[in-house]
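S.K.: Before I ask anything, let me first share the structure, which is written out below as structure tokens.
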Amino acid sequence: MRIEIDKNAGFCFGVEKAIERAEEELRENESIYCLGEIVHNGEEIRRLEKKGLITISYDEYRKLKNVTVMLRAHGEPPETYKIARENNIQLIDATCPIVSRLQNRIKTRFNNINKDQDQIVIFGKEGHAEIIGLEGQTRGQAIVIDEEDSLEKIDFTRPVFLYSQTTKSKKAFKAIKKKIEKKIKETQLENKARLKFHQTICGQVANREENLQEFAKKHDVILFASGKNSSNGKVLFKVCKEANPRSFFISNVNELKKSMTENCSSVGISGATSTPSWLLKDIKNKLISYTK
Ligand code: SF4
């Protein structure tokens, strides 16, 4: 049986940098706090927790004073920085520079729009950490849309400025943009409603879809490893499944079953931008052990 690990799988550079930073700090300190999961991957979190990383919730963060807290790659709303100032919390800010740039773009747009007319719309998952950070740039006034039915939150007679969460699928963004355009056309009366869109999907994620499609077609079976909470993982697994119906989603080596790779001659192993490469290697080793 041929087994190949997808060379494009593994941490994106934003997550990699955040983890490197956490490990650096943990070499000098016994423990550090991290606001929210540093990466949407339970296996990697457990590895870092053993080294002293303590994941805290927003409620816990609000109660802390005079400590150091790390901010992960997804970025934070202004409120998080305000609490830090008030509670004398020292921040280790590992926000991905691409997310920071997007936050600044949205903030600048928000500061310059006609607040009675223009709408800032973000295509993303409501409640996702990155979305909370982006919404925060608009004092919570941005409209977040994901599925088609959430489009009804938009007033199509008024101008729309459309952005995307960095980890959304390019294809899905295109489709939602088309639907908004159509709705605007249908609703347009005398007014000048218009759509200005900004494709703000991260290049690391966007290119991966096409590469993954090719990779998934090349093998009889695909084992896709990702944390269950990873939104990028869900998007990429969908790409796998469409290209190769014999694709399986697993979060750790224990979820791997012999029956998944029965009667196949080639297996491809891939993962999300939050999947550590050691996990992909562990899966490969377990597969090899089946063949012995
Ligand atoms: S997916 Fe892209 S934008 Fe998001 S953290 Fe990774 S590198 Fe940064």
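The values are calculated or read from the model by the stated rules, or taken from the named source; none is laboratory data. Note that the coordinates shown come from a computational prediction; the quantities given were computed from them, not determined experimentally. A quick note on method: Cβ atoms are made from the backbone with ideal geometry, for glycine too, and the neighbour counts reach across all protein chains shown. When the accessible area is computed, the model is the full protein with side chains, heavy atoms only, and any ligands, DNA or RNA have been set aside. Shrake-Rupley method; radii C 1.70, N 1.55, O 1.52, S 1.80 Å.
S.K.: Relative contact order of the chain: what whole-number percent is it, with Cα pairs under 8 angstrom and at least 6 residues apart?
M.R.: Details: 516 pairs, mean separation 64.3, N = 292.
It comes to 22 percent, rounded to a whole number.
S.K.: At a 10 angstrom cut-off on C-beta neighbours, averaged per residue, how do the peptides 53-64, 160-171 rank from highest to lowest?
M.R.: The peptides rank, most packed first, as 160-171, 53-64.
S.K.: Only Cα pairs under 8 Å and at least 6 apart count here; give the relative contact order of the range 23-94 as a rounded whole percent.
M.R.: Reported as a whole number, the value is 33 percent.
S.K.: Can you work out D for the range 13-95 in µm² s⁻¹ from Stokes-Einstein, where Rh is the Kirkwood radius over C-alpha pairs, the temperature is 20 °C and the viscosity is 1.002 mPa s? Each step should come with its number before you reach the end.
M.R.: On the way: Rh = 12.7 Å.
Value of D from the Cα-based Kirkwood radius: 169 µm²/s.
S.K.: Something else about it: Ranked highest first by average number of other Cβ atoms within 10 Å, how do 134-140, 194-200, 271-277 line up?
M.R.: 271-277, 134-140, 194-200
S.K.: OK, next. With viscosity set to 0.692 mPa s at 37 °C, what whole-number translational diffusion coefficient in µm²/s follows for the range 136-181 from Stokes-Einstein and a Kirkwood radius over Cα pairs?
M.R.: Value of D from the Cα-based Kirkwood radius: 283 µm²/s.
S.K.: Arrange the peptides 258-269, 66-77 so that the one whose residues have, on average, the most other Cβ atoms within 10 Å appears first.
M.R.: 66-77, 258-269
S.K.: In nanometres, what is the gap between the two model label sites at ASP220 and THR108, each 7 Å from Cα along Cα-to-Cβ?
M.R.: It works out to 5.3 nm between the two label points.
S.K.: If you consider only alpha-carbon coordinates, what radius of gyration and Dmax does the chain have, in Å?
M.R.: Rg, Dmax (Cα atoms, Å): 21.1, 73.
S.K.: List the DSSP H helices in the chain whose Cα atoms stretch 15 Å or more along the helix axis and whose mean Kyte-Doolittle hydropathy is at least 1.6.
M.R.: Passing helices, by number: none.
S.K.: What is the percent carbon and sulfur in the accessible area of the chain, measuring with a 1.4 Å probe over the protein chains and ignoring ligands?
M.R.: So the carbon and sulfur contribution to the accessible surface is 47 percent.
S.K.: Kindly report the accessible area of the chain per residue (heavy atoms of protein chains, probe 1.4 Å, no ligands, DNA or RNA), in Å².
M.R.: For the chain, the solvent-accessible area averages 50 Å² per residue.
S.K.: Expressed in nm to one decimal, what extension gain is obtained for the pair ASP149 and GLU49 from 0.36 nm per residue of sequence separation less their Cα-Cα distance? Before the final figure, lay out each step's value.
M.R.: On the way: separation 100, 0.36 × 100 = 36.00 nm, distance 3.94 nm.
Result for the pair: 32.1 nm of gain on full extension.
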